[in-house]
Amino acid sequence: MTLPATKYAIIGAGIHGLSTAYHLAQNLKASGKGCGADILVIDKTSIGGGASGIACGVVRNNYYQPAMRELMAHSVGVWESDPKAYSYHPVGYMQISPEVMHADVATIYEQQQAIGYESTFIEGAADCQKYMLGLFDDWQAKGITSVLHEKRGGYANNTASLYGLAGKAEAEGVRILTGVEVKGFEYGSNSGAVTGVITNQGVIACETVVVGAGPWVIKFWDMLELPKAISIKGRDGTMHNNVPMWKFWCLEEGTLGVDPNMHKTNDGKMPPVIHVDTDAPLYSDVDGSLITDQLWGLYYKPDFNFGGVQGGASPYKVEQDPDQVAIDPYGPDSPDFIVGDDFIHMWCSMLAHCQKRFEGKIGLYKYKEKSGGLGCFTPDNFPVFDTFRENVYVIADSNHGYKMIGVGKLVAQELMGEKSKLLEPFRFDRFAKGELHPTSHSPFPWS
Ligand SMILES: Cc1cc2nc3c(=O)[nH]c(=O)nc-3n(C[C@H](O)[C@H](O)[C@H](O)COP(=O)(O)OP(=O)(O)OC[C@H]3O[C@@H](n4cnc5c(N)ncnc54)[C@H](O)[C@@H]3O)c2cc1C
(Lines give C-alpha, C1' and ligand atoms only; values in the text may rest on other atoms or scores of the structure.)
Protein backbone atom coordinates (compact mmCIF):
# COMPACT_ATOMS: atom_id res chain seq x y z
CA MET A 1 0.00 0.00 0.00
CA THR A 2 1.32 3.47 -0.86
CA LEU A 3 0.41 5.91 1.82
CA PRO A 4 -0.80 9.31 0.70
CA ALA A 5 0.97 12.51 1.74
CA THR A 6 -1.30 14.71 3.78
CA LYS A 7 -1.46 18.20 5.20
CA TYR A 8 -2.68 16.97 8.59
CA ALA A 9 -1.75 13.52 9.93
CA ILE A 10 -3.89 12.63 12.95
CA ILE A 11 -2.67 9.64 14.94
CA GLY A 12 -5.35 7.73 16.84
CA ALA A 13 -8.98 7.05 15.97
CA GLY A 14 -10.26 7.59 19.50
CA ILE A 15 -12.47 10.38 20.77
CA HIS A 16 -9.80 13.08 20.43
CA GLY A 17 -8.36 12.12 17.05
CA LEU A 18 -11.79 11.76 15.48
CA SER A 19 -13.25 14.89 17.06
CA THR A 20 -10.23 16.91 15.93
CA ALA A 21 -10.52 15.50 12.41
CA TYR A 22 -14.22 16.27 12.10
CA HIS A 23 -14.04 19.79 13.49
CA LEU A 24 -10.86 20.63 11.59
CA ALA A 25 -12.51 19.54 8.34
CA GLN A 26 -15.44 21.83 9.09
CA ASN A 27 -13.14 24.75 9.94
CA LEU A 28 -11.01 24.28 6.82
CA LYS A 29 -14.10 24.28 4.64
CA ALA A 30 -15.69 27.28 6.34
CA SER A 31 -12.50 29.33 6.06
CA GLY A 32 -11.92 28.37 2.42
CA LYS A 33 -8.43 27.18 3.39
CA GLY A 34 -8.99 23.53 2.61
CA CYS A 35 -11.31 20.64 3.30
CA GLY A 36 -11.58 17.20 4.90
CA ALA A 37 -9.46 15.66 2.14
CA ASP A 38 -6.46 17.46 3.71
CA ILE A 39 -6.78 15.25 6.78
CA LEU A 40 -5.68 11.63 7.26
CA VAL A 41 -6.47 9.75 10.47
CA ILE A 42 -4.38 6.63 11.10
CA ASP A 43 -4.77 4.00 13.77
CA LYS A 44 -2.78 0.85 14.42
CA THR A 45 -5.85 -1.20 15.24
CA SER A 46 -9.33 0.20 14.65
CA ILE A 47 -11.77 2.99 15.35
CA GLY A 48 -12.25 2.78 19.12
CA GLY A 49 -9.30 0.37 19.50
CA GLY A 50 -8.08 2.24 22.60
CA ALA A 51 -9.50 3.68 25.79
CA SER A 52 -12.40 5.47 24.05
CA GLY A 53 -13.76 2.12 22.85
CA ILE A 54 -13.96 0.65 26.35
CA ALA A 55 -14.89 3.77 28.34
CA CYS A 56 -17.86 3.57 30.65
CA GLY A 57 -18.98 6.66 28.76
CA VAL A 58 -19.86 8.93 31.68
CA VAL A 59 -20.24 12.60 30.73
CA ARG A 60 -20.20 15.02 33.67
CA ASN A 61 -19.22 18.51 34.67
CA ASN A 62 -18.40 17.70 38.29
CA TYR A 63 -14.78 18.80 38.69
CA TYR A 64 -13.19 20.70 41.52
CA GLN A 65 -10.81 22.51 39.14
CA PRO A 66 -12.42 25.59 37.50
CA ALA A 67 -10.52 25.09 34.23
CA MET A 68 -11.66 21.47 33.98
CA ARG A 69 -15.24 22.45 34.70
CA GLU A 70 -15.33 25.08 31.97
CA LEU A 71 -13.83 22.63 29.51
CA MET A 72 -16.42 20.00 30.47
CA ALA A 73 -19.29 22.47 30.10
CA HIS A 74 -18.04 23.14 26.57
CA SER A 75 -17.80 19.39 25.88
CA VAL A 76 -21.30 18.68 27.20
CA GLY A 77 -22.49 21.28 24.68
CA VAL A 78 -20.87 19.26 21.88
CA TRP A 79 -22.52 16.02 23.09
CA GLU A 80 -25.85 17.81 23.17
CA SER A 81 -25.36 19.18 19.63
CA ASP A 82 -26.11 15.77 18.05
CA PRO A 83 -27.23 13.21 20.67
CA LYS A 84 -28.33 10.73 18.01
CA ALA A 85 -25.05 10.55 16.11
CA TYR A 86 -23.08 10.52 19.37
CA SER A 87 -25.36 7.93 21.00
CA TYR A 88 -25.63 10.29 23.95
CA HIS A 89 -28.11 9.82 26.82
CA PRO A 90 -28.68 13.12 28.67
CA VAL A 91 -29.89 11.59 31.93
CA GLY A 92 -27.87 13.85 34.23
CA TYR A 93 -25.24 13.02 36.82
CA MET A 94 -25.13 12.96 40.62
CA GLN A 95 -22.14 13.44 42.91
CA ILE A 96 -23.15 12.07 46.33
CA SER A 97 -20.54 12.81 48.98
CA PRO A 98 -19.47 12.54 52.63
CA GLU A 99 -18.68 15.47 54.92
CA VAL A 100 -14.97 15.44 54.07
CA MET A 101 -15.89 16.45 50.49
CA HIS A 102 -18.78 18.79 51.38
CA ALA A 103 -16.89 22.08 51.06
CA ASP A 104 -15.21 21.03 47.79
CA VAL A 105 -18.51 20.08 46.21
CA ALA A 106 -20.15 23.28 47.48
CA THR A 107 -17.59 25.31 45.50
CA ILE A 108 -18.29 23.17 42.42
CA TYR A 109 -21.98 24.01 42.77
CA GLU A 110 -21.30 27.73 43.22
CA GLN A 111 -19.10 27.82 40.16
CA GLN A 112 -21.61 25.84 38.12
CA GLN A 113 -24.14 28.56 38.99
CA ALA A 114 -21.60 31.17 37.88
CA ILE A 115 -21.11 29.55 34.46
CA GLY A 116 -24.82 28.79 34.02
CA TYR A 117 -24.48 24.99 34.28
CA GLU A 118 -27.78 23.74 35.70
CA SER A 119 -27.52 21.78 38.94
CA THR A 120 -29.19 21.34 42.34
CA PHE A 121 -27.24 21.14 45.59
CA ILE A 122 -28.64 19.45 48.70
CA GLU A 123 -26.86 19.74 52.05
CA GLY A 124 -27.20 17.92 55.36
CA ALA A 125 -27.65 14.20 56.01
CA ALA A 126 -31.44 14.30 56.48
CA ASP A 127 -32.17 16.40 53.39
CA CYS A 128 -29.80 14.29 51.28
CA GLN A 129 -31.53 11.10 52.40
CA LYS A 130 -34.93 12.62 51.62
CA TYR A 131 -33.80 13.78 48.16
CA MET A 132 -32.34 10.38 47.32
CA LEU A 133 -35.43 8.52 48.60
CA GLY A 134 -37.49 10.77 46.33
CA LEU A 135 -35.55 9.30 43.42
CA PHE A 136 -35.04 5.72 44.62
CA ASP A 137 -37.24 4.30 47.36
CA ASP A 138 -34.53 1.75 48.30
CA TRP A 139 -31.74 4.31 48.83
CA GLN A 140 -29.61 3.35 51.85
CA ALA A 141 -26.07 4.75 51.42
CA LYS A 142 -24.59 5.95 54.69
CA GLY A 143 -22.36 8.88 55.58
CA ILE A 144 -23.79 11.23 52.93
CA THR A 145 -24.03 14.97 53.68
CA SER A 146 -24.17 16.57 50.23
CA VAL A 147 -25.74 15.75 46.88
CA LEU A 148 -24.89 17.62 43.71
CA HIS A 149 -27.40 16.80 40.99
CA GLU A 150 -26.20 17.96 37.59
CA LYS A 151 -29.17 18.20 35.26
CA ARG A 152 -27.02 18.07 32.13
CA GLY A 153 -24.50 15.33 31.27
CA GLY A 154 -25.19 11.60 31.47
CA TYR A 155 -23.44 8.98 29.37
CA ALA A 156 -22.85 7.88 25.79
CA ASN A 157 -22.33 4.46 24.22
CA ASN A 158 -18.60 4.22 23.61
CA THR A 159 -18.20 2.50 20.23
CA ALA A 160 -21.44 3.83 18.75
CA SER A 161 -20.41 7.42 19.49
CA LEU A 162 -17.01 6.90 17.88
CA TYR A 163 -18.55 5.48 14.73
CA GLY A 164 -20.96 8.43 14.74
CA LEU A 165 -18.02 10.81 14.93
CA ALA A 166 -16.05 8.88 12.28
CA GLY A 167 -19.07 8.98 9.97
CA LYS A 168 -19.33 12.74 10.35
CA ALA A 169 -15.61 13.15 9.65
CA GLU A 170 -15.77 10.92 6.56
CA ALA A 171 -18.79 12.80 5.29
CA GLU A 172 -16.52 15.87 5.34
CA GLY A 173 -13.97 14.01 3.21
CA VAL A 174 -11.57 12.91 5.99
CA ARG A 175 -9.77 9.61 5.29
CA ILE A 176 -9.42 7.10 8.11
CA LEU A 177 -6.87 4.31 7.69
CA THR A 178 -6.71 1.50 10.24
CA GLY A 179 -3.97 -1.10 10.57
CA VAL A 180 -1.30 1.59 10.14
CA GLU A 181 1.11 1.68 13.07
CA VAL A 182 3.35 4.66 13.73
CA LYS A 183 6.95 3.69 14.48
CA GLY A 184 8.66 7.09 14.53
CA PHE A 185 9.03 10.45 12.84
CA GLU A 186 11.20 12.12 10.22
CA TYR A 187 12.43 15.61 11.00
CA GLY A 188 13.39 18.56 8.82
CA SER A 189 17.09 19.22 8.30
CA ASN A 190 16.99 22.79 9.58
CA SER A 191 14.36 22.50 12.29
CA GLY A 192 12.94 20.07 14.80
CA ALA A 193 9.63 19.97 12.96
CA VAL A 194 8.20 16.65 11.79
CA THR A 195 8.14 16.22 8.02
CA GLY A 196 7.00 12.62 7.88
CA VAL A 197 5.34 9.95 9.97
CA ILE A 198 7.15 6.61 9.76
CA THR A 199 4.69 3.72 9.82
CA ASN A 200 4.71 -0.04 9.31
CA GLN A 201 3.34 0.69 5.82
CA GLY A 202 5.77 3.42 4.77
CA VAL A 203 6.32 7.12 5.43
CA ILE A 204 3.48 9.65 5.35
CA ALA A 205 4.76 13.09 4.38
CA CYS A 206 2.84 15.75 6.27
CA GLU A 207 2.82 19.38 7.40
CA THR A 208 1.17 19.02 10.80
CA VAL A 209 0.78 16.09 13.18
CA VAL A 210 -1.84 15.56 15.88
CA VAL A 211 -1.20 12.84 18.47
CA GLY A 212 -4.35 11.49 20.10
CA ALA A 213 -2.89 8.25 21.35
CA GLY A 214 -4.60 7.82 24.74
CA PRO A 215 -2.59 5.46 27.00
CA TRP A 216 0.09 5.10 24.30
CA VAL A 217 1.06 8.77 24.66
CA ILE A 218 4.18 7.70 26.58
CA LYS A 219 5.43 5.93 23.44
CA PHE A 220 4.91 9.03 21.32
CA TRP A 221 6.58 11.19 23.94
CA ASP A 222 9.66 8.97 23.49
CA MET A 223 9.42 8.99 19.70
CA LEU A 224 9.36 12.79 19.83
CA GLU A 225 12.37 12.72 22.17
CA LEU A 226 10.59 14.73 24.84
CA PRO A 227 11.82 14.59 28.47
CA LYS A 228 11.09 11.47 30.51
CA ALA A 229 11.38 13.50 33.72
CA ILE A 230 10.52 17.14 34.30
CA SER A 231 10.83 19.91 36.89
CA ILE A 232 7.71 21.07 38.66
CA LYS A 233 7.33 24.19 40.75
CA GLY A 234 5.17 23.38 43.77
CA ARG A 235 2.52 25.66 45.20
CA ASP A 236 5.02 26.84 47.81
CA GLY A 237 7.47 27.89 45.10
CA THR A 238 9.85 24.95 45.70
CA MET A 239 11.20 23.31 42.57
CA HIS A 240 10.81 19.52 42.39
CA ASN A 241 13.24 18.05 39.88
CA ASN A 242 13.34 14.74 38.09
CA VAL A 243 9.61 14.02 38.37
CA PRO A 244 8.58 11.24 35.95
CA MET A 245 6.42 12.67 33.17
CA TRP A 246 4.08 9.67 32.96
CA LYS A 247 2.52 7.10 35.24
CA PHE A 248 -0.17 4.50 34.77
CA TRP A 249 -3.32 3.81 36.71
CA CYS A 250 -5.58 0.86 36.06
CA LEU A 251 -9.30 1.55 35.82
CA GLU A 252 -11.60 -1.03 37.28
CA GLU A 253 -15.06 -1.38 35.83
CA GLY A 254 -17.62 -4.11 35.34
CA THR A 255 -21.25 -4.99 34.69
CA LEU A 256 -23.87 -6.55 36.91
CA GLY A 257 -25.91 -8.66 34.50
CA VAL A 258 -29.35 -7.57 35.67
CA ASP A 259 -32.12 -6.15 33.49
CA PRO A 260 -31.13 -2.46 33.15
CA ASN A 261 -34.80 -1.59 33.68
CA MET A 262 -34.50 -2.68 37.33
CA HIS A 263 -32.54 0.49 38.04
CA LYS A 264 -35.15 3.09 37.16
CA THR A 265 -36.27 5.99 39.33
CA ASN A 266 -39.48 5.85 41.41
CA ASP A 267 -41.39 7.48 38.55
CA GLY A 268 -40.17 4.89 36.03
CA LYS A 269 -37.56 7.05 34.28
CA MET A 270 -33.97 6.22 33.41
CA PRO A 271 -31.89 7.53 36.31
CA PRO A 272 -28.96 9.93 36.32
CA VAL A 273 -25.49 8.42 36.48
CA ILE A 274 -24.85 7.85 40.18
CA HIS A 275 -21.46 8.55 41.73
CA VAL A 276 -21.15 7.96 45.47
CA ASP A 277 -18.12 8.67 47.64
CA THR A 278 -18.37 7.88 51.32
CA ASP A 279 -16.30 7.23 54.41
CA ALA A 280 -18.93 4.89 55.88
CA PRO A 281 -17.43 1.42 56.44
CA LEU A 282 -18.01 -0.91 53.52
CA TYR A 283 -19.16 -4.40 54.44
CA SER A 284 -19.26 -7.45 52.19
CA ASP A 285 -22.65 -8.18 50.67
CA VAL A 286 -21.60 -11.84 50.67
CA ASP A 287 -20.48 -12.53 54.25
CA GLY A 288 -20.76 -9.23 56.14
CA SER A 289 -16.99 -8.86 56.65
CA LEU A 290 -15.41 -5.40 56.62
CA ILE A 291 -13.98 -4.57 53.20
CA THR A 292 -12.72 -1.07 54.01
CA ASP A 293 -13.16 1.71 56.55
CA GLN A 294 -11.31 4.23 54.34
CA LEU A 295 -12.90 6.70 51.92
CA TRP A 296 -14.25 4.75 48.95
CA GLY A 297 -16.27 5.55 45.84
CA LEU A 298 -18.22 4.00 42.99
CA TYR A 299 -20.23 5.04 39.94
CA TYR A 300 -22.95 3.18 38.05
CA LYS A 301 -25.72 3.45 35.50
CA PRO A 302 -28.17 1.12 33.78
CA ASP A 303 -26.79 0.52 30.31
CA PHE A 304 -28.47 -1.53 27.57
CA ASN A 305 -25.27 -1.46 25.56
CA PHE A 306 -23.34 -3.26 28.31
CA GLY A 307 -26.44 -5.34 29.13
CA GLY A 308 -26.85 -4.52 32.81
CA VAL A 309 -25.88 -2.03 35.47
CA GLN A 310 -22.38 -0.92 34.53
CA GLY A 311 -19.85 1.15 36.44
CA GLY A 312 -16.64 1.15 38.40
CA ALA A 313 -14.70 2.13 41.48
CA SER A 314 -11.48 4.04 42.23
CA PRO A 315 -8.58 2.97 40.03
CA TYR A 316 -5.28 1.69 41.41
CA LYS A 317 -1.83 3.03 40.65
CA VAL A 318 0.39 0.72 38.63
CA GLU A 319 3.58 0.54 40.69
CA GLN A 320 5.86 -0.39 37.82
CA ASP A 321 8.40 1.53 35.76
CA PRO A 322 6.05 3.19 33.24
CA ASP A 323 8.39 2.24 30.39
CA GLN A 324 7.96 -1.42 31.32
CA VAL A 325 4.14 -1.38 31.57
CA ALA A 326 2.59 -3.64 28.91
CA ILE A 327 -0.01 -1.41 27.26
CA ASP A 328 -0.58 -4.03 24.57
CA PRO A 329 -2.68 -6.08 24.30
CA TYR A 330 -5.02 -3.39 25.56
CA GLY A 331 -8.20 -3.41 27.63
CA PRO A 332 -10.14 -6.68 27.88
CA ASP A 333 -7.37 -8.45 25.90
CA SER A 334 -4.73 -7.61 28.52
CA PRO A 335 -3.63 -10.53 30.72
CA ASP A 336 -2.64 -8.07 33.49
CA PHE A 337 -4.94 -5.06 33.58
CA ILE A 338 -8.42 -6.49 33.88
CA VAL A 339 -10.56 -6.73 37.00
CA GLY A 340 -10.40 -9.71 39.32
CA ASP A 341 -12.53 -11.25 42.06
CA ASP A 342 -11.55 -8.62 44.65
CA PHE A 343 -12.95 -5.80 42.52
CA ILE A 344 -16.12 -7.75 41.76
CA HIS A 345 -16.73 -8.51 45.44
CA MET A 346 -16.04 -4.89 46.44
CA TRP A 347 -18.04 -3.19 43.66
CA CYS A 348 -21.09 -5.43 44.09
CA SER A 349 -20.93 -4.76 47.85
CA MET A 350 -20.74 -1.02 47.13
CA LEU A 351 -23.86 -1.26 44.95
CA ALA A 352 -25.66 -3.12 47.73
CA HIS A 353 -24.50 -0.50 50.25
CA CYS A 354 -26.18 2.20 48.15
CA GLN A 355 -29.42 0.52 47.07
CA LYS A 356 -31.28 -2.46 48.49
CA ARG A 357 -32.24 -3.68 45.01
CA PHE A 358 -28.60 -4.74 44.48
CA GLU A 359 -28.34 -6.87 47.62
CA GLY A 360 -27.59 -10.53 46.94
CA LYS A 361 -27.02 -9.94 43.22
CA ILE A 362 -23.28 -10.67 42.98
CA GLY A 363 -24.04 -14.01 41.30
CA LEU A 364 -25.36 -12.05 38.30
CA TYR A 365 -22.06 -10.23 37.74
CA LYS A 366 -20.81 -10.71 34.15
CA TYR A 367 -17.73 -12.73 35.05
CA LYS A 368 -17.13 -13.91 31.49
CA GLU A 369 -16.76 -10.39 30.07
CA LYS A 370 -13.28 -9.07 30.80
CA SER A 371 -13.21 -5.38 31.72
CA GLY A 372 -10.93 -2.62 32.94
CA GLY A 373 -8.03 -0.86 31.29
CA LEU A 374 -4.97 1.36 31.62
CA GLY A 375 -4.87 5.13 31.65
CA CYS A 376 -1.68 7.17 31.28
CA PHE A 377 -1.52 10.15 33.65
CA THR A 378 0.58 13.33 33.77
CA PRO A 379 2.44 14.37 36.96
CA ASP A 380 -0.54 16.42 38.27
CA ASN A 381 -3.16 14.07 36.77
CA PHE A 382 -4.54 16.78 34.48
CA PRO A 383 -4.33 17.00 30.70
CA VAL A 384 -1.60 18.47 28.55
CA PHE A 385 -2.80 20.06 25.32
CA ASP A 386 0.14 21.65 23.58
CA THR A 387 2.35 21.91 20.52
CA PHE A 388 5.79 20.31 20.53
CA ARG A 389 8.56 20.35 17.91
CA GLU A 390 6.83 23.24 16.11
CA ASN A 391 4.16 21.22 14.35
CA VAL A 392 3.11 18.31 16.60
CA TYR A 393 -0.04 18.89 18.62
CA VAL A 394 -0.20 16.42 21.51
CA ILE A 395 -3.59 15.70 23.12
CA ALA A 396 -2.69 13.97 26.38
CA ASP A 397 -5.93 13.89 28.34
CA SER A 398 -4.52 12.15 31.44
CA ASN A 399 -7.42 9.72 31.17
CA HIS A 400 -10.11 12.35 31.74
CA GLY A 401 -11.15 12.25 28.25
CA TYR A 402 -14.00 10.28 26.71
CA LYS A 403 -16.37 12.96 27.99
CA MET A 404 -14.10 15.64 26.47
CA ILE A 405 -15.45 15.39 22.94
CA GLY A 406 -15.21 19.18 22.74
CA VAL A 407 -11.42 19.21 23.08
CA GLY A 408 -11.03 18.20 19.43
CA LYS A 409 -13.19 21.17 18.44
CA LEU A 410 -10.87 23.53 20.34
CA VAL A 411 -7.72 21.84 19.03
CA ALA A 412 -9.09 22.27 15.50
CA GLN A 413 -9.53 25.95 16.27
CA GLU A 414 -5.91 26.19 17.48
CA LEU A 415 -4.66 24.38 14.37
CA MET A 416 -6.37 27.15 12.38
CA GLY A 417 -4.28 29.67 14.32
CA GLU A 418 -6.83 30.81 16.91
CA LYS A 419 -5.74 30.27 20.53
CA SER A 420 -8.32 28.75 22.86
CA LYS A 421 -8.81 30.30 26.29
CA LEU A 422 -10.26 27.01 27.53
CA LEU A 423 -7.14 25.05 26.59
CA GLU A 424 -4.67 27.63 27.91
CA PRO A 425 -4.56 26.24 31.51
CA PHE A 426 -3.39 22.87 30.12
CA ARG A 427 -0.11 23.88 28.53
CA PHE A 428 3.02 21.89 29.31
CA ASP A 429 4.88 24.89 30.77
CA ARG A 430 2.43 25.05 33.69
CA PHE A 431 4.65 22.51 35.46
CA ALA A 432 7.77 24.70 35.29
CA LYS A 433 5.76 27.83 36.09
CA GLY A 434 3.98 26.22 39.04
CA GLU A 435 0.57 27.01 37.57
CA LEU A 436 -0.94 23.80 38.85
CA HIS A 437 -4.60 22.91 39.16
CA PRO A 438 -6.05 22.68 42.68
CA THR A 439 -6.59 19.22 44.13
CA SER A 440 -9.73 17.99 45.87
CA HIS A 441 -10.49 15.47 48.64
CA SER A 442 -11.99 12.97 46.19
CA PRO A 443 -10.64 9.38 46.28
CA PHE A 444 -10.43 9.50 42.48
CA PRO A 445 -7.29 10.90 40.76
CA TRP A 446 -9.47 12.56 38.13
CA SER A 447 -11.79 14.72 40.26
C1 LIG B 1 -11.94 1.36 31.57
C2 LIG B 1 -11.98 2.83 31.26
C3 LIG B 1 -13.14 3.55 31.48
C4 LIG B 1 -13.21 4.91 31.22
N5 LIG B 1 -14.39 5.57 31.41
C6 LIG B 1 -14.47 6.88 31.11
C7 LIG B 1 -15.71 7.57 31.27
O8 LIG B 1 -16.70 7.01 31.68
N9 LIG B 1 -15.75 8.89 30.94
C10 LIG B 1 -14.64 9.56 30.51
O11 LIG B 1 -14.73 10.75 30.26
N12 LIG B 1 -13.46 8.92 30.32
C13 LIG B 1 -13.35 7.61 30.62
N14 LIG B 1 -12.15 6.96 30.46
C15 LIG B 1 -11.00 7.71 29.94
C16 LIG B 1 -11.11 7.84 28.42
O17 LIG B 1 -11.51 6.62 27.88
C18 LIG B 1 -9.80 8.30 27.78
O19 LIG B 1 -9.32 9.42 28.47
C20 LIG B 1 -10.03 8.69 26.31
O21 LIG B 1 -10.85 7.74 25.67
C22 LIG B 1 -8.72 8.83 25.56
O23 LIG B 1 -9.04 9.13 24.22
P24 LIG B 1 -7.93 9.23 23.13
O25 LIG B 1 -8.61 9.56 21.86
O26 LIG B 1 -6.84 10.13 23.60
O27 LIG B 1 -7.24 7.79 23.10
P28 LIG B 1 -7.76 6.32 22.71
O29 LIG B 1 -9.20 6.20 22.67
O30 LIG B 1 -7.00 5.39 23.56
O31 LIG B 1 -7.28 6.19 21.22
C32 LIG B 1 -5.91 6.11 20.92
C33 LIG B 1 -5.77 5.35 19.62
O34 LIG B 1 -4.39 5.43 19.22
C35 LIG B 1 -4.08 4.24 18.57
N36 LIG B 1 -2.61 4.09 18.59
C37 LIG B 1 -1.83 3.88 19.68
N38 LIG B 1 -0.53 3.75 19.31
C39 LIG B 1 -0.52 3.88 17.97
C40 LIG B 1 0.52 3.82 16.99
N41 LIG B 1 1.82 3.60 17.33
N42 LIG B 1 0.20 4.00 15.70
C43 LIG B 1 -1.09 4.21 15.32
N44 LIG B 1 -2.12 4.26 16.20
C45 LIG B 1 -1.82 4.10 17.50
C46 LIG B 1 -4.79 3.17 19.37
O47 LIG B 1 -5.00 2.00 18.59
C48 LIG B 1 -6.09 3.86 19.75
O49 LIG B 1 -7.17 3.52 18.90
C50 LIG B 1 -12.06 5.59 30.73
C51 LIG B 1 -10.89 4.87 30.50
C52 LIG B 1 -10.83 3.51 30.76
C53 LIG B 1 -9.55 2.78 30.50
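The values are calculated or read from the model by the stated rules, or taken from the named source; none is laboratory data. Note that the structure is a prediction, hence the values are computed from the model and not measured. Methodologically, a virtual Cβ is constructed for each residue, glycine included, from the backbone with ideal geometry; neighbour enumeration extends over all protein chains shown. Surface accessibility is based on the protein's heavy atoms, side chains included, excluding ligands, DNA and RNA. Shrake-Rupley method; radii C 1.70, N 1.55, O 1.52, S 1.80 Å.
Numerical summary
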quantity	calculated
Sole residue being of a type in the set (Lys, Arg) and within 26 Å of residue 73 (Cα to Cα), chosen from 368, 409	409
Failed item, numbered, when residue 100 is tested on (1) open to solvent by 20 Å² or more (accessible area, probe 1.4 Å); (2) in contact with a strand residue (DSSP E or B) (Cβ under 8 Å, 6 or more places away or on another chain)	(2)
Residues of region 37-89 classified as out of contact with any Phe, Trp or Tyr (no Cβ under 9 Å at 6 or more places or on another chain), of a type in the set (S, T, N, Q) and either outside any helix (DSSP H, G or I) or closer than 21 Å to residue 209 by Cβ (or both), total	1
Which listed residue is open to solvent by less than 30 Å² (accessible area, probe 1.4 Å) and within 13 Å of the ligand (Cβ to nearest atom), from 338, 344, 395	395
Unique match (being modelled with pLDDT of 95 or more, over 29 Å from residue 13 (Cβ atoms) and in contact with a Pro (Cβ under 8 Å, 6 or more places away or on another chain)) among 148, 135	135
Condition met for residue 231 (farther than 24 Å from residue 132 by Cα and part of a strand (DSSP E or B))	yes
Where a residue in region 358-371 is within 25 Å of residue 335 (Cβ to Cβ) and its partner, wherever it lies, is of a type in the set (D, E, K, R), with Cβ under 7 Å and at least six apart	362/285; 371/253
Lone unmet requirement of (1) in a loop (DSSP other than H, G, I, E, B); (2) over 30 Å from residue 143 (Cα atoms); (3) in contact with a Ser or Thr (Cβ under 8 Å, 6 or more places away or on another chain) for residue 417	(3)
So residue 386, is it among the charged types (D, E, K, R) and crowded, with 20+ Cβ neighbours inside 10 Å	no
Residues of region 420-440 that turn out to be part of a helix (DSSP H, G or I) and open to solvent by less than 20 Å² (accessible area, probe 1.4 Å), as a count	3
Residue count, region 28-81 (criterion: touching a Ser or Thr at 6+ places or on another chain (Cβ under 6 Å) and closer than 15 Å to residue 405 by Cβ)	2
Per-region count, region 153-206, residues within 26 Å of residue 54 (Cα to Cα) and either over 28 Å from the mean Cα position of the chain (by Cα) or β-branched (Val, Ile, Thr) (or both)	8
Any hit, region 344-355, residues being without any contact (Cβ under 8 Å) to a residue 60 or more places away in the chain and small (Gly, Ala, Ser)	no
Residues (among the β-branched types (Val, Ile, Thr), more than 16 Å from the ligand (Cβ to nearest atom) and either within 28 Å of residue 355 (Cα to Cα) or part of a strand (DSSP E or B) (or both)) located in region 238-264	243, 258
Residue check, residue 84 among the basic types (Lys, Arg), modelled with pLDDT of 95 or more and closer than 30 Å to residue 202 by Cβ	no
Candidates 93, 86, 109, filtered to the one that is away from the ligand (no atom under 16 Å from the Cβ) and either open to solvent by 20 Å² or more (accessible area, probe 1.4 Å) or within 20 Å of the chain's Cα centre (by Cα) (or both)	109
Within region 230-242, tally of residues that are open to solvent by less than 40 Å² (accessible area, probe 1.4 Å) and under 28 Å from residue 337 (Cβ atoms)	2
Among (1) over 16 Å from the mean Cα position of the chain (by Cα); (2) surrounded by fewer than 24 Cβ atoms within 10 Å (Cβ to Cβ) - the single one residue 42 does not satisfy	(2)
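Okay, residues lined up against (1) open to solvent by 10 Å² or more (accessible area, probe 1.4 Å); (2) farther than 21 Å from residue 345 by Cβ; (3) in a strand (DSSP E or B); (4) of a type in the set (Val, Ile, Thr):
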{"site": "276", "(1), (2), (3), (4)": "no, no, yes, yes"}
{"site": "285", "(1), (2), (3), (4)": "yes, no, no, no"}
{"site": "288", "(1), (2), (3), (4)": "yes, no, no, no"}
{"site": "297", "(1), (2), (3), (4)": "no, no, yes, no"}
{"site": "300", "(1), (2), (3), (4)": "no, no, yes, no"}
{"site": "306", "(1), (2), (3), (4)": "yes, no, no, no"}
{"site": "311", "(1), (2), (3), (4)": "no, no, yes, no"}
{"site": "323", "(1), (2), (3), (4)": "yes, yes, no, no"}
{"site": "329", "(1), (2), (3), (4)": "yes, yes, no, no"}
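The rows are residues; the columns are (1) more than 14 Å from the ligand (Cβ to nearest atom); (2) surrounded by 19 or more Cβ atoms within 10 Å (Cβ to Cβ).
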site: 25; (1), (2): yes, yes
site: 29; (1), (2): yes, no
site: 52; (1), (2): no, yes
site: 57; (1), (2): no, yes
